[in-house]
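Nothing in this text is a laboratory measurement; each read-out follows from the coordinates by a stated rule. Here the structure is a predicted model, which is why all the values come from computation and not from measurement. With ideal geometry, Cβ positions are generated from the backbone for all residues, glycine too; neighbour counts draw on all protein chains shown.
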Amino acid sequence: MNANLYARLRAHFGPDDKPCLILPGGGIWTYGDLDRASARLANLLVAQGLKPGDRVAAQLEKSAQGFALYLATLRAGMVFLPLNPAYRPDELAYFLGDATPGLFVGRPGGTAVAAGNAIPCFELDDHGRGALVDAAAGQDEHFEPVARAADDLAAILYTSGTTGRSKGAMLSHRNLAVNATTLCSLWGFSADDVLLHALPIFHVHGLFIASHCALLAGASMLWAPRFDAATVLAWLPEASVFMGVPTYYTRLLAEPGLDAAACRRMRLFISGSAPLLPETAQRFRQRTGHTILERYGMTETGMLTSNPLHGERRIGSVGPALPGVALRIVAEGSEDGPALAPGEIGTVEVKGENVCRGYWRMPEKTATDWTADGWFRTGDIGWLDADAYLHLSGRAKDLIISGGLNVYPKEIELALDELPGVLESAVIGLPHPDFGEEVVAVVVAEPEAHLDTDAFLRTLKTRLAGYKVPKRIVIAQELPRNTMGKVQKNRLRETLQPRTGG
Ligand code: MLC
Ligand code: AMP
């Protein structure tokens, strides 16, 4: 049997004339439109000389055409590599050098780095126009999904590493299909659903979790190009399901129009990618009558746990392990278990067909993050309650999650340490009312040096995606260290005041 994920999704598509993507302003892509557009693009990829297994990189704003490119890549048996459009040229050069794609699709003016690396390029603008669709226009609108084995790669998604170097999680057709099938059924998706899709499509949450559930059910998606609270609120009365990161919920709560009437067709709100504050969940329930369903996952694994659709949704818990996912808690620092008892806190390890095959061209990192007997170390800390609901209480990995986007302090510290007059630096996350956590840098000057933090911020913005740039830089005389010489970030977090305003 062909394990190509596109073939699996297409088998569940709605009828040819059923709306699949409903765009702002009234434009509609039916299931037939999406199937034909992805066929034309798949034919174009083949005509470009790309072979199954070749990588197709896309650094684009969200559009229906960009989504069709993802499906075309699957269909042609190639490997999709989505990249955040916020990445700056230096960051992009790393991804392209590491993944060596056979094609790069970028925004107008955004293809120079790829072209400089001799990678063939097409442009696609934020409205889905450009050389890519022009070139595909003359292609055949039929394309049989290329035969793929279940373990063949479907996508590579980069996730930052503790050393500052990003790792490419290798996701197979099986990984994505298993997770999609489980979630579609667990969350009760049907052809009657209308998913309000406001997430970006360069990450697991928007590209796989949200859209695969809708496609597998033959449902429709209200396709918002980006999250904007007022626009989402205006669309809410037409939607039945919404998925978002916690920042989406705090921003929706700031809208006076959010009430039960605005949610009259809604059956399910889902949150993930970062901790949902119990206070946010409670305020949302008071305003709308809905208890947000919180789930937990990772780039490397897709979704791992979820609160139930029908049973008790526990605020403050991410729910029990999904069917097909084995989850255990082990003592921090313990290599191979044993599993701790309910109530005991440790690091979360998981196994299942949803877990990726390892990191692209980084066997040494793969060896570190998986145990010898195949458990994946998530780096998250938590405990299971008596009913096997998981409660996350922290992270063993040095990671900041800001507005649902991951920032690895090491990467920012390396960039800060290169700036003139900086002796050393430490980057921490502090509570933030909008982003959940904000990136804050503490820098120490070299003797006699004068540090210009405004100039630092300007320079960092040219080198790092905006969401990684510290919201504040604080100058300190020295960094607190323990007797081993390790910087005590917990002491910095205690000393620096979180901001209270929005
Ligand atoms: C943008 N900015 C951010 C930011 N996003 N700063 C900190 N954290 C963020 N997340 C900065 C920009 O650099 C810019 O700075 C300014 O804010 C305005 O940019 P914007 O693009 O207009 O911002 P906005 O549209 O408000 O974006 C915020 C957001 C967005 C929360 C809507 O970041 C978002 O959609 N996040 C969701 C990400 C996501 O899909 N995560 C799932 C990962 S998958 P300046 O200085 O230039 O003004 C995963 C697995 C799982 O984690 O379990 O799901
Ligand atoms: P990413 O690498 O972007 O896939 O981020 C995965 C990380 O996001 C996980 O390891 C968790 O630390 C965090 N995460 C995802 N969902 C949740 C959640 N519901 N609550 C707390 N943290 C979460």
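Summarising the label geometry, the points placed 7 Å from Cα in the beta-carbon direction at ARG226 and GLN286 lie 3.2 nm from one another.
Gain on full extension, evaluated as 0.36 nm per residue between ARG472 and ALA386 minus their Cα-Cα distance, stands at 26.8 nm.
Distance from the alpha carbon centroid of the range 64-85 to that of the range 326-395 works out to 30 angstrom.
Treating each Cα of the range 427-502 as one equal point scatterer and applying the Debye formula with no solvent, the log10 of I(q)/I(0) at q = 0.26, 0.28 Å⁻¹ comes out as -1.28, -1.32. By the beta-carbon count within 10 Å of each Cβ, the least crowded to most crowded order of LYS62, LYS468, LYS18, fewest first, is LYS18, LYS62, LYS468. So the label point goes 7 Å from the Cα of THR462 along Cα→C-beta, right? Which residues of the range 413-428 then have their backbone N under 14 Å from it? Residues passing the 14 Å test: 419-420. Two numbers describe the Cα atoms of the chain: Rg and Dmax, which are 22.6, 71 Å. Extents of the range 360-491, largest first, come to 56, 36, 34 Å (Cα atoms, principal axes, whole angstrom). Cβ crowding within 10 Å ranks TYR94, TYR248 as TYR94, TYR248, fewest other Cβ atoms first. Listed by Cβ neighbour count within 10 Å, with the fewest neighbours leading, ILE381, ILE329 appear as ILE381, ILE329. Averaged over residues, the count of other Cβ atoms within 10 Å places the peptides 415-426, 268-279 in the sequence 268-279, 415-426, highest first. For ASP259 and GLU141, the FRET efficiency from 1/(1 + (r/R0)^6), where r spans their Cβ atoms and R0 equals 60 Å, is about 0.85. By the equivalent-ellipsoid construction on the alpha carbon gyration tensor, the range 184-280 comes out with semi-axes of 20, 16, 13 Å, ordered largest to smallest. Over the range 41-196, the hull volume per residue, using the convex hull of the C-alpha atoms, is 142 Å³. With a simple spin-label model that places each label point 7 Å from the Cα along the Cα-to-Cβ direction, the separation between ALA331 and GLU353 comes to 3.6 nm.
The simple Förster model, with R0 at 41 Å and r as the Cβ-Cβ distance, assigns THR368 and ALA118 a FRET efficiency of 0.80.
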